[in-house]
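> One structure is given below, represented as structure tokens, and several questions about it will come after.
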Amino acid sequence: MEIESGEVSRMKILNFGSLNLDYVYQVEHFVQPGETLSALSQCVNCGGKGLNQSVALAKAGAKVYHAGCIGTGGERLARELSESGVDISCLVTVEDIQGNAMIQVDRRGENCILLFGGSNRAITPAMVKRVISRFEQGDYLVLQNEVSCIPEMVAEAKERGMKVVLNPSPFEVSLLNLDFDAISWLLVNEVEAEQISGQKDPDAAWQLLHERYPVLSMVVTLGKEGAVCYTPENKVRQEAYPSSAVDTTAAGDTFTGYFLTTLSQGMELQECMRRASMAASISVSRAGAAASIPKRQEVEEALA
Ligand code: RIB
């Protein structure tokens, strides 16, 4: 799965991100300190914020390339991407154990997640340079925070003139050292908006970030309250579509994939938010991560 040489002129969206095997345990309640708890069921799913977002981008209709590392035991993750329509020519194989997550899902569909980076931490500066050199000015680079070399990716993409989209999840203080002038879009939840700006209220967070980084745009997802999108020119609000929660895993990733696909296709912001919101709401009503992401047609039918 080494990268082929040659031009990749039609590349539009590169997602340099994690691939995880999700070990999912259905539980009555999240296990407490000192407690031993029997799970109601167990399964192993394809996940990782990177993989989920690539699958959502592809299902929404984008041409997406996923770059990342397949480790020991992770072959099915490459298959899942490919079968979902994602280009996997930028994946490499490494000897580290596959990145994975232990996920508890409770009766309300809420989750808690323990991550192990494994192969996702095997990305090197040389790989970053090699992959990003195949993309062009105006292409998108989508990043989450589950892989190594994020600062190198931002720097390379800036030099290349790519639009960087950052979903700083899971948040770490070291992310504050990134070159935010090189970032076009920040996709965050309320908590991450506060962690990045120091402001609890999303409007105040936007005000501060906009003053510091005048070309930045931002979407804040607000769970049941919907989402709000800020650009230097506009503010667009979107209500959440109600659904009965089975499993909230990958709802944010689904929103990201649908929002970016429609944005890159030139749709109006309100329409991007509408589609992203409906896609996320459908994903919440289904179990699993990548498997819960709806196809574009399902989203359009639900909206119609
Ligand atoms: O966003 C959901 C994802 O977070 C899961 O699939 C898990 O792998 C973790 O990365």
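The values are calculated or read from the model by the stated rules, or taken from the named source; none is laboratory data. Just so we're clear, the structure is a prediction, and the values are computed from it rather than from any experiment. Every residue, glycine among them, receives a Cβ derived from its backbone with ideal geometry; neighbour counts consider all protein chains shown.
> Being outside any loop (DSSP other than H, G, I, E, B) and in contact with a Cys (Cβ under 8 Å, 6 or more places away or on another chain) is true for just one of Val142, Val154, Val131. Which residue is that?
Checking each option against the conditions leaves just Val131.
> I would also like to ask the following. In the set Tyr258, Tyr230, which member is within 17 Å of Lys63 (Cα to Cα), more than 14 Å from the ligand (Cβ to nearest atom) and buried (at least 17 other Cβ atoms within 10 Å of the Cβ)?
Tyr258
> Here's another thing I want to ask about it. Search the range 42-55 for residues that are within 15 Å of Asp247 (Cβ to Cβ) and modelled with pLDDT of 95 or more and pair each with any residue that is of a type in the set (Asp, Glu) and more than 7 Å from the ligand (Cβ to nearest atom) when their beta-carbon atoms are under 7 Å apart and the residues are at least 6 apart or on different chains.
Cys46/Glu80
> Within the bounds of the range 2-20, is there any residue that is within 11 Å of the ligand (Cβ to nearest atom), modelled with pLDDT of 95 or more and among the aromatic types (Phe, Trp, Tyr)?
No, the range 2-20 contains no residue that is within 11 Å of the ligand (Cβ to nearest atom), modelled with pLDDT of 95 or more and among the aromatic types (Phe, Trp, Tyr).
> Inside the range 261-304, can you point out the residues that are crowded, with 24+ Cβ neighbours inside 10 Å, touching a strand residue (DSSP E or B) at 6+ places or on another chain (Cβ under 6 Å) and not in a helix (DSSP H, G or I)?
Answer for the range 261-304, where residues must be crowded, with 24+ Cβ neighbours inside 10 Å, touching a strand residue (DSSP E or B) at 6+ places or on another chain (Cβ under 6 Å) and not in a helix (DSSP H, G or I): just Ala289.
> Same structure, new question: Go through the range 61-95 and give me each residue that's within 16 Å of the ligand (Cβ to nearest atom) and assigned to a strand (DSSP E or B).
His66, Gly68, Cys69, Ile70, Gly71
> Yes or no: Glu110 among the charged types (D, E, K, R) and either within 16 Å of the ligand (Cβ to nearest atom) or buried (at least 24 other Cβ atoms within 10 Å of the Cβ) (or both)?
For Glu110, the condition - among the charged types (D, E, K, R) and either within 16 Å of the ligand (Cβ to nearest atom) or buried (at least 24 other Cβ atoms within 10 Å of the Cβ) (or both) - is met.
> Now a separate question. Would you call Ala204 buried (at least 24 other Cβ atoms within 10 Å of the Cβ), away from the ligand (no atom under 16 Å from the Cβ) and over 25 Å from Gly138 (Cβ atoms)?
Criteria not met by Ala204.
> Kindly provide the set of residues from the range 71-88 that are of a type in the set (Gly, Ala, Ser), closer than 23 Å to Lys59 by Cα and surrounded by 18 or more Cβ atoms within 10 Å (Cβ to Cβ), ordered by number.
Correct list: Gly74, Ala78, Ser84.
> Hey, another quick one. Is there a residue in the range 127-141 that is buried (at least 20 other Cβ atoms within 10 Å of the Cβ), modelled with pLDDT of 95 or more and within 15 Å of the ligand (Cβ to nearest atom)?
No, that holds for no residue.
> Further question on the same structure: Does Gly198 count as surrounded by fewer than 17 Cβ atoms within 10 Å (Cβ to Cβ), within 21 Å of the chain's Cα centre (by Cα) and at positive phi?
So Gly198 does not fit the description; no.
> Can you tell me how many residues in the range 137-169 are charged (D, E, K, R) and within 15 Å of the chain's Cα centre (by Cα)?
1
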